[in-house]
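What follows is one structure encoded as C-alpha cells, with my remarks underneath.
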Protein chains: 4
Amino acid sequence: MKEVTFEDVIRTVESPYPDFELRKGKTALVLIDMQRFVLGEHLVKAAVKAGLDEHAVREVVKDYDERVKRAVKNAQRVLGVCRRKGFDVVHVRMQGPTDNPRHTAKVNRKIGLIVPPQFEDGDFIDEVKPLPGELVVTKTNGGALSGTNLDFILRNMDIDSLILVGFLTDQCVLATSLHAADLGYDVLIVEDACTTRSKILHDAVLLAQKDVCAKIKTTDEVVRLLQG
Amino acid sequence: MKEVTFEDVIRTVESPYPDFELRKGKTALVLIDMQRFVLGEHLVKAAVKAGLDEHAVREVVKDYDERVKRAVKNAQRVLGVCRRKGFDVVHVRMQGPTDNPRHTAKVNRKIGLIVPPQFEDGDFIDEVKPLPGELVVTKTNGGALSGTNLDFILRNMDIDSLILVGFLTDQCVLATSLHAADLGYDVLIVEDACTTRSKILHDAVLLAQKDVCAKIKTTDEVVRLLQG
Amino acid sequence: MKEVTFEDVIRTVESPYPDFELRKGKTALVLIDMQRFVLGEHLVKAAVKAGLDEHAVREVVKDYDERVKRAVKNAQRVLGVCRRKGFDVVHVRMQGPTDNPRHTAKVNRKIGLIVPPQFEDGDFIDEVKPLPGELVVTKTNGGALSGTNLDFILRNMDIDSLILVGFLTDQCVLATSLHAADLGYDVLIVEDACTTRSKILHDAVLLAQKDVCAKIKTTDEVVRLLQG
Amino acid sequence: MKEVTFEDVIRTVESPYPDFELRKGKTALVLIDMQRFVLGEHLVKAAVKAGLDEHAVREVVKDYDERVKRAVKNAQRVLGVCRRKGFDVVHVRMQGPTDNPRHTAKVNRKIGLIVPPQFEDGDFIDEVKPLPGELVVTKTNGGALSGTNLDFILRNMDIDSLILVGFLTDQCVLATSLHAADLGYDVLIVEDACTTRSKILHDAVLLAQKDVCAKIKTTDEVVRLLQG
C-alpha cells in the first residue's frame with residue numbers, strides 16, 4: 001500500500017499551477033537588476049573601502065560571485081534567444097529618478113540602498129545590457145511591479161506572461177514574481193538565471209513558489225521552449 | 001584576528017532595516033487568511049473525501065496542524081492586546097465576490113483555489129474572528145495589497161506601519177509583506193503567529209526578509225512593544 | 001472655399017477616438033452610484049430636515065429629479081438588454097466598509113459625504129438593482145477604478161471595454177471614465193443614462209471626452225449595438 | 001423671504017471642500033504637459049504641413065495661443081515662488097519610453113497622440129523647464145497619476161497636497177486632479193495657469209470640481225499663499 005504524504009493531502013485541495021505556452025507578443029522576458037553592483041567585484045570593492053581585508057573578503061564572496069556569473073551567462077542565453085525569436089524584452093534596473101533620496105523608496109532608503117543616476121556601478125552588466133529600442137524600467141524599491149509603471153506598459157503591449165531572470169532571487173525577483181502572479185500574469189522563473197546571497201534561500205523561495213504561483217525551469221528548458 | 005563573514009561584507013553595502021515604533025493610529029494589525037480552511041481538520045476532511053486513508057492523513061497533517069493552532073493562539077494574543085490598546089485591526093480573508101470563478105484571481109483559479117461566499121470552511125477561525133466595526137477585506141489572490149483596496153483604506157487611515165500575522169508564511173503573508181515594504185510601510189511579521197506547510201520554508205522566507213525589508217519578532221516581543 | 005475651423009486644425013494632430021465593438025465576455029456594463037440618495041426625493045428630505053421650505057425645495061429640485069428619473073429608465077433599458085444578451089454587469093455603489101469615517105476616502109469625508117453600511121438611502125434604486133450573482137463593488141471616493149479592486153476584477157474577467165451609466169456625470173462617472181481610458185479600456189458613456197446637478201456641466205464634460213478618450217452615445221444607439 | 005436655490009439644497013447634503021494650507025515638504029507643485037507641442041505654433045505647423053491655409057489657421061488658433069501663453073506666464077510665476085520657497089516641484093511630460101507605439105498608452109495610440117523620445121516639439125516650454133535635480137515624470141496617457149509612478153514618488157516624499165498647473169484643463173489636468181483627490185491628496189488647481197482648447201470647457205470642468213474635490217484659485221491668490 002502506497003504511503004500517504006503531506007503533498008498528497010495538499011493535492012486534494014490544490015492542483016499544481018499549469019504549464020503555459022511562451023508566445024511572441026504575449027510573453028515578455030523581464031531582466032531584474034542585472035547591474036554591476038550585484039557582481040562580487042562590487043562587494044569586494046565596497047568591503048575593502050570599508051576596511052575589511054581584501055583576501056578574506058574575496059574568499060567569502062567567491063561562491064556568490066560564481067553563482068552570479070553563471071546566472072548572467074544563463075540570462076544572456078535566454079536573452080539571445082528571445083531577441084532572435086522576437087519576444088519582448090524589459091530591462092528593470094535600480095536607479096533613483098534624481099540624486100535626492102527623498103525621491104526614492106522608503107524601504108531601501110532605510111537600509112542605505114540608494115542608486116543615484118550617476119552611480120558608477122549602477123550600469124547594466126555588459127553581457128545583458130539593453131539594445132536601443134528595448135524597454136528600460138527604473139525602480140527604487142524591490143518588486144518591479146510596484147513603484148513603477150511596468151504593469152501599465154505590459155498592459156499596453158497585451159503581455160500576459162513573464163519570464164523572469166536576474167537578481168536577487170529572494171528579494172526583487174521574488175517580489176516581482178509574487179506580484180505578477182497576483183495580477184494575473186503567468187510567471188516562469190529561470191532558476192539558474194537568477195541567484196541570491198544564500199544558495200539555501202535561493203532554493204527555498206523557488207520551492208515556495210513552484211507550481212503554486214509560478215513555474216520554475218532551467219535555462220536549457222526555457223531555451224527549448226522559446227525555440228518552439 | 002576576527003574572521004570576515006559574507007554577512008560582514010553585505011553590511012558594508014546595506015545596513016539592517018531599522019526598528020520602528022508601534023503607534024496607535026499609525027500601526028495596524030493585519031490578520032491574513034485566518035480562516036477555517038487553513039486548519040488541519042479541513043485538509044483531513046478534503047483528503048478523506050478524495051479517498052485517502054483518514055488515519056494516514058491525520059498522521060502527515062499532525063505537525064502542520066499543531067503549528068497552525070499555535071499560530072492562532074499567538075495571533076489571538078496579539079489581537080487581544082491591539083484591541084485593548086486601541087490599535088487598528090484589519091481582517092483579510094480569501095473570498096470571491098460572487099460564486100463565479102471568472103470574478104476571482106487568475107492565479108488561484110488556475111490551481112483550483114476558489115473560495116465562494118458561502119464556502120463552509122471559509123469562515124474566520126473563532127479565536128481571531130472580527131468584532132463588529134473591525135475592517136474586513138476580501139481577496140481572491142495571494143498578497144493582501146494587490147487585488148484589494150487595502151492600501152487605499154490604510155491611506156485613508158494614515159497608517160504607516162503593519163503588524164502581520166496569519167497564513168501562509170511563504171505565500172499570502174510573504175506577498176503581503178514584500179508589497180507593503182515596497183509601498184513604504186514599515187512591516188513587522190510575528191514569526192510564531194504565522195506558519196506554513198513546511199517549517200523549513202517558513203524559516204527560510206522569514207530569514208530572507210529579516211532586516212532587509214521587515215522586522216521579524218516573536219509574539220512575546222510584540223506584545224511587550226504594544227503594551228509600551 | 002471652405003472655412004478652416006479650430007476643429008480642423010486639431011484633426012491634423014489627433015484623430016477621433018475610433019468606434020469599438022461591444023462584445024459579450026469582453027465588454028462590461030458598469031452602473032455607477034445608482035443609489036436612492038441620488039434621487040431628488042432624498043435631497044428634498046435632507047433639505048426639509050435642515051429647515052428649508054419644502055415647497056421651495058421641490059421647485060428647485062424638480063428639473064434635476066426629472067433628469068435623474070429619465071437616466072434611471074434609460075439605464076434600466078441598457079441593463080435589461082445586457083442581461084438578456086449575457087453581457088457582464090457591475091454595480092458600483094458608494095458605501096463605507098464600516099461606520100468609521102476613518103475607513104473612508106479623505107476627499108468625501110472632507111465634504112461630509114459618508115455612506116455608512118446601514119444608511120437608509122444608500123440602497124440601489126429599485127429599477128436597476130443587482131440580481132443575485134451580479135458583481136457589486138463598493139467605493140467611498142469618486143472614481144470607480146481608484147479606491148476599489150474593480151480594475152483587478154475586470155482583468156480577472158478579461159474585460160477590455162466598458163459601458164458606463166449612472167451618477168453624477170461630472171463627478172463619479174467622469175472620474176471613472178477618464179481613469180478607465182487611461183488604463184486602456186475602451187469607454188462608452190450612455191449620455192442619457194447618466195446625469196448630474198447641472199445640465200450644462202453634464203453636456204460640457206461629455207463634450208470634453210467625446211472622441212478624445214471615450215465614445216458618447218444615446219440609449220437607443222447603445223441598445224441597437226448590444227442587440228447586434 | 002430669501003429664495004431657496006438648488007445650491008442651498010446641495011449644501012444640506014454636502015459641505016464645500018475645505019481650504020488647506022500649502023506647506024513646504026508636504027505640498028508639491030505639479031506641472032502637467034507644459035511642452036512645446038501644446039503651443040499654438042505647433043498646431044499651426046502641423047496644420048500647414050497637412051495642407052491647411054496658414055493665414056486661416058493662425059486666425060482660428062489665435063485665441064487658444066494667447067490663453068496658452070498666459071497660462072505659461074502664470075505657471076512660471078508659481079514655479080518661481082515654489083523654487084524660492086523650497087516647495088517640491090514635479091514636471092510631468094508626455095513621452096514614450098521608446099519609439100515603439102506598443103509601449104505607449106492605448107488611449108492615446110488610438111487617437112494618434114504619440115510622443116516619441118526624440119519628438120522635436122516634445123521639449124519642455126522654455127519658461128517652465130526643469131532645473132537639474134527637479135523631478136521629471138513621463139507618461140503616455142492622460143492623468144499623471146495613472147500609467148506612472150508619480151503617486152509612489154509622492155508617497156516616498158510624504159507629499160499630501162498638490163498644486164496643479166498646465167495643459168489641458170479638461171483632459172490631463174482634469175484626469176490628474178480627479179485621481180489625486182480620489183487618492184486622498186488635497187488638490188489646488190491654478191485656474192489661470194492652465195487652459196484648454198475651448199474656454200467654455202475650461203470653465204466648465206473647473207466649476208465641476210470647485211469645492212467638490214478641489215480648490216480653484218488664481219495665480220495671484222496662490223502666489224500670496226505660497227509666500228505665506
Shortest-first nm distances, residue B:53 label point to equivalent points in other copies (7 Å, Cα→Cβ): 5.9, 8.9, 9.6
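Suppose we keep just the DSSP beta bridges with both residues in the protein assembly as shown; what percent of those would be antiparallel, to 5?
On the way: 4 of 108 bridges.
Taking every DSSP beta bridge within the protein assembly as shown, about 5 percent pair in antiparallel fashion.
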Threshold 20 Å², region B:1-23 residues less accessible with all protein chains present than alone (1.4 Å probe): B:1, B:4, B:6, B:9, B:10, B:12, B:13, B:14, B:15, B:17, B:18
Carbon and sulfur %, accessible surface of region B:11-87 computed with the full protein complex present, 1.4 Å: 49 percent
For the axis carrying chain B to chain C: nearest C-beta residue of B, whole Å: B:149, 3
Per residue value of the accessible surface for the protein assembly as shown (all protein chains in place, 1.4 Å probe), Å²: 39 Å²
Only Lys, Arg (+1) and Asp, Glu (-1) charged, at Cβ; region B:17-90 dipole about Cα centre in debye: 540 debye
Vicinal HN-Hα couplings computed from phi for region C:169-184 (Karplus, 6.51 cos²θ - 1.76 cosθ + 1.60; Hz; Gly/Pro x): 3, 9, 10, 5, 5, 4, 4, 5, 5, 4, 5, 4, 4, 4, 7, x
If the convex hull is drawn through the Cα atoms of region C:111-228, its volume per residue in Å³: 140 Å³
Accessible area that becomes buried as B packs against A, both chains, 1.4 Å probe, Å², nearest 100: 4700 Å²
Other-copy label distances relative to residue A:84, 7 angstrom Cα-Cβ extension, nm: 5.8, 6.3, 6.8
Space enclosed by the convex hull of the alpha-carbon atoms of the protein assembly as shown, per residue, Å³: 193 Å³
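Using the beta-carbon distance between residue A:62 and residue B:62 and R0 = 35 Å, what value does 1/(1 + (r/R0)^6) give for FRET efficiency, to the nearest 0.05?
Working: r = 43 Å, r/R0 = 1.22.
According to the calculation, E is roughly 0.25.
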Modelled label reach - residue D:200, point 7 Å along Cα→Cβ, region D:160-174 residues with backbone N closer than 16 Å: D:170
For chain D, with +1 on Lys and Arg beta carbons and -1 on Asp and Glu, the positive-most of D:98, D:20, D:228 along the dipole: D:98
Descending Cα extents along the principal axes, region B:174-228, whole Å: 32, 27, 16
Occluded residues from region C:88-127, i.e. those whose accessible area drops by 50 Å² or more once the chain is not alone (1.4 Å probe): C:102, C:103, C:106, C:107, C:110, C:111
Long-range lysine pairs (8 or more apart or interchain), region B:1-157, Cα under 13 Å: 4
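Working with all protein chains in place, sort C:134, C:191, C:120 by solvent-accessible area computed with a 1.4 Å probe, largest first. Kindly include the intermediate steps, with their values, before the conclusion.
Details: C:134 35, C:191 65, C:120 130 Å².
Per-residue accessible area, sorted high to low, gives C:120, C:191, C:134.
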Accessible area in the full protein assembly, largest first, 1.4 Å probe, for C:53, D:19, D:33: D:19, C:53, D:33
Region A:79-228 - charge dipole about Cα centre, Lys and Arg +1 at Cβ, Asp and Glu -1, debye rounded to 20: 300 debye
Within the protein assembly as shown: Cβ-based charge dipole about Cα centre, in debye rounded to nearest 20 (Lys, Arg +1; Asp, Glu -1): 0 debye
Exam field: residue D:66 pseudo-label spacings to other copies (7 Å along Cα-Cβ), nanometres: 4.0, 7.7, 8.6
Using a Förster distance of 30 Å, the FRET efficiency for residue C:118-residue B:129 (Cβ separation, nearest 0.05): 0.90
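The values are calculated or read from the model by the stated rules, or taken from the named source; none is laboratory data. Owing to the predicted nature of the structure, the values given are computational and were not obtained by experimental measurement. Cβ coordinates were reconstructed from backbone atoms using ideal geometry, including for glycine residues, and neighbour counts include every protein chain displayed. We work out accessible area using only protein heavy atoms, side chains counted, and drop any ligands, DNA or RNA first. Shrake-Rupley method; radii C 1.70, N 1.55, O 1.52, S 1.80 Å.
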